[in-house]
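Below is one structure, written out as structure tokens, with a few remarks after it.
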């Protein structure tokens, strides 16, 4: 059985840890409220952008365009959005598992990392890190999403990559966060058509369809990347708040258990001292 000193030292250590996790939970709660509000206020724009592109392609018939057909290269760009910090439960590992357990071969994947946790994990597993945008996740801006979009689109247009994917965590609510891996390019026109409304009024382009799609599809891709960044920040803080809440609860349970063990050890020590005193007094008599 552990000594009273060992039990007390462990209990004090857990109390200190519990205070830290409680403070981190409060910080994450405040950040979550801010990120949640931003995600909810920006989501209508991105939903409308997606619906607009769906409707447009559904009414366009068969279009032969560079953004609608896969490139000749077997390389696939994967934009991976994780966090720069840990202590968020399975938030980071769930995203990396989408890549490592997915259908994209390791030798064909070019990782555009947003977040050091995902970058470090995938790098250790032998994936090629094509670019690192880890600082972006601290305070994502639309200009950051556009810079990333421009780089991957240039690589796609030049034939360096044949497909573009996006891995991020979708924010449903405070406790529900869903890791997703979606294909950005080539745009799956058939899938978008199935997601569109039933209205099949033919689409007329002004100017020509190539010029229109050259303007619209990059904005569509950029919007999805920025929306993913905003939702990822909200999901990260929600996951960290839950993780710290669970850690604080576990610390309270351990402190209660150690306090009980400490009191038992203390009572045993007092009983032993009394027994020794009584035995000594009897021996003198």
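Protection proxy ranking for 257-267, 46-56, using the average of other Cβ atoms within 10 Å per residue and placing the highest first: 46-56, 257-267. A straight chain from residue 43 to residue 62 at 0.36 nm per residue would run longer than the Cα-Cα distance by 3.9 nm. Over the chain, with a Gaussian network built from C-alpha contacts below 10 Å, which listed residue (143, 271, 82) shows the highest mean-square fluctuation? Looking only at 143, 271, 82, the largest GNM fluctuation is found for 271. This ranking places 177, 65 by how few other beta-carbon atoms lie within 10 Å of each, fewest first, which gives 65, 177.
Just want to confirm a number: the relative contact order over the range 24-242, from Cα pairs under 8 angstrom separated by 6+ residues, in percent. The partial results should precede the final answer.
Values: 358 pairs, mean separation 76.9, N = 219.
Relative contact order, the range 24-242: 35 percent.
In degrees from 0 to 90, rounded to the nearest 10, what is the angle of the helix 4-58 Cα long axis to the longest principal axis of the chain? On a 0 to 90 degree scale, this one is about 10. Against the chain, whose longest principal axis comes from its Cα atoms, helix 209-284 is set at around 10 degrees. Looking at the chain only, what percent of DSSP beta bridges run antiparallel? Nearest 5 please. DSSP beta bridges in the chain are roughly 35 percent antiparallel. Note on the chain: with a GNM built from Cα contacts shorter than 10 Å, the maximum mean-square fluctuation among 159, 18, 126 falls on 126. Between residue 74 and residue 120, the modelled labels are 3.3 nm apart [label points 7 Å from Cα along Cα→Cβ].
Once the chain from residue 8 to residue 283 is taken as fully extended at 0.36 nm per residue, the excess over their C-alpha distance is 95.5 nm.
Can you sort 284, 161 by how many other beta carbons sit within 10 Å, fewest first? Write out the running numbers ahead of the final one.
Numbers: 284 5, 161 24.
Ranking 284, 161 by Cβ neighbours within 10 Å, fewest first, gives 284, 161.
Principal-axis analysis of the Cα atoms of the chain puts helix 91-100 at an angle of about 50° to the longest axis. Note on the range 24-242: Cα-only Rg and Dmax are 17.7, 54 Å.
Coordinate-derived values only; no laboratory data. All of these numbers come straight from a predicted model, not from anything done at the bench. No Cβ is skipped: glycine too gets one built from the backbone with ideal geometry, and neighbour counts run over all protein chains shown.
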